[in-house]
Amino acid sequence: MGNNGGPVLVTGGTVLNRSGESRADVLITDGRVERVAPNLDSSLPAESAGGPRRLVADGCVVSSSFVDLHTHMREPGREESETIATASRAAALGGFGACVAMPNTDPAQDNVAVVEFVRLQGERAGLVTVAPSGCITVGRNGTQLAPFHSMAAAGVRLFTDDGNGVQDPLIMRRALEYARELGVTLAQHCEVSRLTEGAVMHEGCCSSRLGLPGWPAIAEVLMLQRDIELVRETGASMHFLHLSTARSVEIVRQAKNEGLPVTAEVTPHHISLTDEKLATFSTLFKVNPPLRTMEDVESLRAGLADGTIDALATDHAPHAAHLKDQDLSAAPPGMLGLQTALGVALAYSGCATRRVVEAMSWSPAAIAGLDDHGRDIEAGSPANVVVFSTEGSWRQTPESIVSKSINSPYFDVDLKGGVRHVVHRGEVVVAGGVLR
Ligand SMILES: [Zn+2]
């Protein structure tokens, strides 16, 4: 199925770059884009005559492949739920060319040995670039800074204790000072844990009605505010993970207006689902931060559309069936996201296609410091390319899931568009919606 590095021609699509859109064919050789021009198809030999392998892109968009800032790959330590190989398959089918691997593995990604293992497993899977994040604190315990210097030297660009927010302001201030010196970015999971103990869903009308313990919006807002003040003081750059409240969007907008070096992401589920889903008492809808109200959803969509929120990031969080098959208080939070992210973005974000590509490819590539990704499709660029349709409605089925777990919230939700082909480093990894 693969092309083994041989030439590939993407024909008949609309190439979407920062400079605009154009109808053009894209010739890929030796891992790079060689030419972008109309009618290359007719001027090159047919595949049967020794010409390049054809990927038909009629009616489709051709852009740089997507970059996920937030993937829980579960390896090492949680291989019953997902492995780097299975997550890579889901990512490729979702149109991704790179994923930042979150550090809440076991052992945690708090040293060079684990970080290198994760990167190597990504190379072995060979479908997407796996860029490990590093922990901010040793074991994500919030008390002792992890060895930033050695991990940065090993290529780590994003540091986070994701799953936990860094509670101690002294640790956070020091971490930002180190990060500034090293030129790396800290990514915060904003949650004041004292305010969310025992919570299973958003604190509001719905949680009161259902009698379930709530996770109040203020727990996110307080840490976001604190960290923006620390950014102002230290001058370090900072990224805010999976923001979920209307107030958070306002705060980030204000910080950006002041010129502070902050970026932010939202997840597909926070722009498409609300806390009303918990009325089913299904653990599929338990996620951290929790699904919020329609007012929050609308603010997040508006923030994503106007660029206040830079990126759409999946927070892909697989959990084995026996873990999710507990009551709401015991089940771990999290839901799948890689295979449905584009479908959710096209159906629910309200963003034009160009803004979707910016939020799923160009911006996250820049935030993650991945120079080979998020590039325009032009001669000389590394060939990390996705071909996708923006039309057509579909629903996810359990059978279509290639992750090791099936905890998706989208079985009863209409999604839109679809990934047709993916080229990773010049290799065809998805053709006609099928993995190689
Ligand atoms: Zn998180």
query: Can you find a residue in the stretch 26-43 that is in contact with a helix residue (DSSP H, G or I) (Cβ under 9 Å, 6 or more places away or on another chain), in contact (Cβ under 8 Å) with a residue 24 or more places away in the chain and more than 16 Å from the ligand (Cβ to nearest atom)?
result: yes
Every residue from the stretch 247-282 that is assigned to a loop (DSSP other than H, G, I, E, B) and within 19 Å of the chain's Cα centre (by Cα): THR267, PRO268, SER272, LEU273
query: Just for strands (runs of 3 or more DSSP E) wholly inside the stretch 76-193: which have at least 1 residues that are within 16 Å of the ligand (Cβ to nearest atom) and aliphatic (A, V, I, L, M)?
result: 96-101, 185-188
field: Breaking point among (1) crowded, with 19+ Cβ neighbours inside 10 Å; (2) assigned to a loop (DSSP other than H, G, I, E, B); (3) hydroxyl-bearing (Ser, Thr, Tyr), for SER329
entry: (1)
field: SER244 being surrounded by 20 or more Cβ atoms within 10 Å (Cβ to Cβ), within 22 Å of THR340 (Cα to Cα), touching an Asp or Glu at 6+ places or on another chain (Cβ under 8 Å) and assigned by TED's automatic domain parsing to the domain that holds VAL166
entry: yes
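For MET151, state whether it is in contact with a Phe, Trp or Tyr (Cβ under 8 Å, 6 or more places away or on another chain) and assigned by TED's automatic domain parsing to the domain that holds GLN225.
Values: in contact with a Phe, Trp or Tyr (Cβ under 8 Å, 6 or more places away or on another chain): yes; assigned by TED's automatic domain parsing to the domain that holds GLN225: yes.
In short, yes.
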task: For the stretch 106-136, name all the residues that are of a type in the set (S, T, N, Q), in contact with a strand residue (DSSP E or B) (Cβ under 7 Å, 6 or more places away or on another chain) and within 15 Å of ASP161 (Cα to Cα).
output: GLN109, SER133
field: Residue check for LEU260: closer than 24 Å to GLU181 by Cα, out of contact with any Leu (no Cβ under 9 Å at 6 or more places or on another chain) and either among the basic types (Lys, Arg) or at pLDDT 95 or above (or both)
entry: yes
- request: Mind counting the residues in the stretch 3-38 that are closer than 18 Å to ARG375 by Cβ, outside any loop (DSSP other than H, G, I, E, B) and out of contact with any Gly (no Cβ under 8 Å at 6 or more places or on another chain)?
  value: 13
message: Among the residues of the stretch 296-310, are any within 23 Å of ALA98 (Cα to Cα), within 14 Å of the ligand (Cβ to nearest atom) and part of a loop (DSSP other than H, G, I, E, B)?
response: no
task: Looking only at the stretch 3-12, decide whether some residue is in contact with a strand residue (DSSP E or B) (Cβ under 9 Å, 6 or more places away or on another chain), touching a residue at least 24 places away in the same chain (Cβ under 8 Å) and under 30 Å from VAL266 (Cα atoms).
output: no
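Yes or no, residue by residue, for (1) over 18 Å from PHE159 (Cα atoms); (2) without any contact (Cβ under 8 Å) to a residue 60 or more places away in the chain:
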{"position": "ARG180", "(1), (2)": "no, yes"}
{"position": "GLU203", "(1), (2)": "yes, yes"}
{"position": "LEU210", "(1), (2)": "yes, no"}
{"position": "LEU230", "(1), (2)": "no, no"}
{"position": "ARG247", "(1), (2)": "yes, yes"}
{"position": "LEU260", "(1), (2)": "yes, yes"}
- line: Of (1) modelled with pLDDT of 95 or more; (2) surrounded by fewer than 18 Cβ atoms within 10 Å (Cβ to Cβ); (3) more than 27 Å from the chain's Cα centre (by Cα); (4) at negative phi, LEU44 fails just (2)
message: Within the stretch 59-75, take every residue that is closer than 14 Å to GLY418 by Cβ and assigned to a loop (DSSP other than H, G, I, E, B) and give me the one that is nearest to the ligand (Cβ to nearest atom).
response: CYS60
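Scan the stretch 237-253 residue by residue and report those that are among the hydroxyl-bearing types (Ser, Thr, Tyr) and more than 16 Å from the ligand (Cβ to nearest atom). Talk me through it step by step, then tell me what you get.
Taking the stretch 237-253 first, the residues among the hydroxyl-bearing types (Ser, Thr, Tyr) are 237, 244-245, 248.
SER237, the sole residue that qualifies.
Of all residues being in contact with an Asp or Glu (Cβ under 9 Å, 6 or more places away or on another chain) and of a type outside the set (S, T, N, Q) in the stretch 253-270, which is surrounded by the fewest Cβ atoms within 10 Å (Cβ to Cβ)? Just the residue, please. Give the derivation first.
Step one: of the stretch 253-270, the residues in contact with an Asp or Glu (Cβ under 9 Å, 6 or more places away or on another chain) are 253, 262-265, 267-270.
If we keep only those that are of a type outside the set (S, T, N, Q) as well, we get 253, 262, 264-265, 268-270.
Working: ARG253: 17, VAL262: 23, ALA264: 30, GLU265: 26, PRO268: 28, HIS269: 29, HIS270: 25.
My answer is ARG253.
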Unmet requirement for HIS373, which otherwise passes all of (1) in the same structural domain as ARG35 (by TED's automatic domain parsing); (2) crowded, with 24+ Cβ neighbours inside 10 Å; (3) within 19 Å of the chain's Cα centre (by Cα): (1)
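Among the residues of the stretch 313-329, is any more than 16 Å from the ligand (Cβ to nearest atom) and of a type in the set (Val, Ile, Thr)?
Step one: of the stretch 313-329, the residues more than 16 Å from the ligand (Cβ to nearest atom) are 320-329.
Now narrow it down to the ones that are of a type in the set (Val, Ile, Thr): none.
Looking through the stretch 313-329, none of the residues is more than 16 Å from the ligand (Cβ to nearest atom) and of a type in the set (Val, Ile, Thr).
The values are calculated or read from the model by the stated rules, or taken from the named source; none is laboratory data. No experiment lies behind these values; they were computed from the predicted model shown. Using ideal geometry, Cβ is built from the backbone for each residue, glycine included, and neighbour counts are taken over all protein chains shown.
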